[in-house]
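I have placed the structure first, in the form of structure tokens, so that the comments after it can refer back to it.
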Amino acid sequence: MHGKMYSTRPPPQLSDSNRRIIDSNGGTTKRVYQLWKGSNIFFLGGRIIFGPDARSLIFTVSLIAIPVILFCSFDSQRLINEFHHSLGSLIIAIPVILTIHIMALLFLASGRDPGIIPRNPHPPEPEDEGGPSSLSNDWSRNQGGTSGLPPTKDVLVNGIAVKVKYCHTCMLYRPPRCSHCSICNNCVERFDHHCPWVGQCIGKRNYRFFFMFVSSTTILCLYVFAFCWVNIRFIMETYHYNVWKALLKSPVSGVLILYTFVTSWFVGGLTVFHLYLICTNQTTYENFRYRYDRKMNPYNLGVVRNIREVFFSMIPSSKNNFRAKVTEGSSFSNFGTSLSMGHHHGSTPGLEMPKRSFDVEMGGKRQGVVDEEFDDIHGQIDGIGSLERCEPQPRHTNWGGHKSNNWEMSPDVHALAAEFGMNQDDLPKRQKINGGLEV
């Protein structure tokens, strides 16, 4: 009589991501900024947030600082002598102080949360049919009935109906004046535009600093432009030169005059444009998208109240705590989408993930599995199941319908079954017939 033998093949190893699913209590604890799904760049442990094009800040700082350094290095001595030491020193100190002020505004505009709306871990519930935001039948048919959410909803703003859109990336209905930035990959409240010079979205929480940055830069350009001409004027009077000879005498002044003239038109025009937007309570996005000058603007409260809203209202707190600790594999992480395992070929009967994560308040655990991991999990379940005890019978031997009850399941499989809410009796029972497995 032949003795029982065990398969010598080593058991398959579970991947790290699958072990996080099996043992959610042992998941890695990280901070929100480490699992952030947007394209932002974080510094100092999530205390500072930049856009993905934060490197452009180096170029922006250079465009501001280098002209001021040249002005103070080559034109300062003559200006100090002509205006006497006290007044001349003040003339040189003003652009230095103004430059420091501009750098601080640039940092405040680029290194803070512009008003990002947190993403939902799962889509919101469809509202009751018949309401103002109910699902249209056409939309439901076009989407195959899988979404259950209308593309837009109507909300009232100062008595005027405004449409808000559903964001499939953030899985939420955007609040009024909110838009999804394709560069930062975030929904931003009161979205104005994404500024490549600042390297950040301009929204509700940093628009004030952005406007002050642009307007202060305009003042600095005009200041340097004016005193470079004053320096040229002194050269013309001292040496009895014409303009061209004076420019040759002080070529740095000539370069700065040309540079500040061009940049003054750029930042000056931007300042005037945003002054118009502030007085009419518009954003850059709304001005180009909706053209409120041709229809009623629901956000316009009058010039005085519009200016007060931008400059004298309290900046709201960030809706995101980037330093909060979360468990990797929770509803916040990339495993936020839960799909039915029964949708995949070769899936185990009866092993189906719930379509919706349980609410934390209900005592359930929010978990999800990315789509591509299901096949890996099933393959490992099947591989572990092949480690059963087997009789060394010839392959053609018929066992006569004998069912083996000596299957030894790996602890990983039992843990996986417990995690998915399965009883051990519900595990697939396999039967060996003619050398093959039958479920």
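Distance cut-off 32 Å, Cα to Cα: go down the list LYS37/LYS204; LYS153/LYS319; LYS30/LYS153; LYS153/LYS295 and report the pairs above it.
Working: LYS37/LYS204 21 Å; LYS153/LYS319 23 Å; LYS30/LYS153 36 Å; LYS153/LYS295 20 Å.
Violating the 32 Å Cα-Cα cut-off are LYS30/LYS153.
For the stretch 168-271, report the % of Cα-Cα distances exceeding 15 Å. Provide the component values of the computation, followed by the final result.
Details: 3738 of 5356 pairs.
Within the stretch 168-271, distances greater than 15 Å cover 70 percent of Cα pairs.
Readers should treat all values here as calculations from the given coordinates under stated rules, not as data from a laboratory. Since this is a predicted model, take the numbers as computed values, not measurements.
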